[in-house]
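S.K.: Below is the structure I would like to discuss, written out as structure tokens.
The values are calculated or read from the model by the stated rules, or taken from the named source; none is laboratory data. In this text, all values refer to a predicted model and were calculated from it rather than measured experimentally. Surface areas here come from the heavy atoms of the whole protein model, side chains and all, with no ligands, DNA or RNA. Shrake-Rupley method; radii C 1.70, N 1.55, O 1.52, S 1.80 Å.
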Amino acid sequence: MALLTIAGLFVLAATPVGHGDHTRLLKVGDLDRTYLLHVPAKYDAETPTPVVLALHGALMNGPMMVPFCGLTKKSDEEGFIVVYPSATGFGPFLAWNAGGFGGTRPKERADDVGFIS
């Protein structure tokens with residue numbers, strides 16, 4: 001589902017996105033969220049293209065994940081799109097709201113499920 005939604009956003013973007021790296025902004029609730037989008041050089045807008053989400057670990061962000069995981073290079077080799085979303089937090093302490101907070105998502109925490117969807 002998340003892949004289809006992000007792919008839909010990619011296709012329906014007001015400005016066509018060419019190959020290369022693009023930092024994008026997405027409003028989720030009251031928060032401005034960012035993600036890095038990598039489109040390989042061999043991308044063809046007329047051909048269905050797989051999308052891979054690369055979720056970073058704690059104390060990182062989307063762009064920091066690029067050299068860590070090697071997916072951009074693999075994307076260029078194999079022709080898939082990579083999306084590197086960034087979590088939220090304070091300063092360098094970014095983390096996904098993945099539970100572990102007493103069983104419920106505190107209201108002050110970001111809606112990461114909504115963001116990824």
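S.K.: Would you calculate the convex hull of the Cα atoms in region 19-103 and tell me its volume per residue in Å³?
M.R.: Spelled out: Cα convex hull of region 19-103, divided by residues, is 123 Å³.
S.K.: If you don't mind, there's one more thing I want to ask. Which aspartates and glutamates, on any chain, are close to K42 with Cα under 18 Å apart, when same-chain ones fewer than 8 places away are left out?
M.R.: List returned: D21, D76, E77, E78.
S.K.: Using θ = phi - 60° and the Karplus form 6.51 cos²θ - 1.76 cosθ + 1.60, what ³J(HN,Hα) does each residue of region 49-55 get, whole Hz, x for Gly and Pro?
M.R.: Karplus-based 3J(HN,Hα) across region 49-55 equals 10, x, 10, 10, 8, 10, 8 Hz.
S.K.: Could you state how much accessible area E77 has, in square angstrom rounded to the nearest 10, with a 1.4 Å probe and all protein chains kept in place?
M.R.: That residue has around 90 Å² of solvent-accessible surface.
S.K.: Using modelled amide H (1.01 Å from N, peptide plane; none on Pro or chain starts), what sits under 5 Å from the amide H of H56, excluding residues fewer than 5 places away?
M.R.: Counting only residues 5 or more places away or on other chains, the set is empty.
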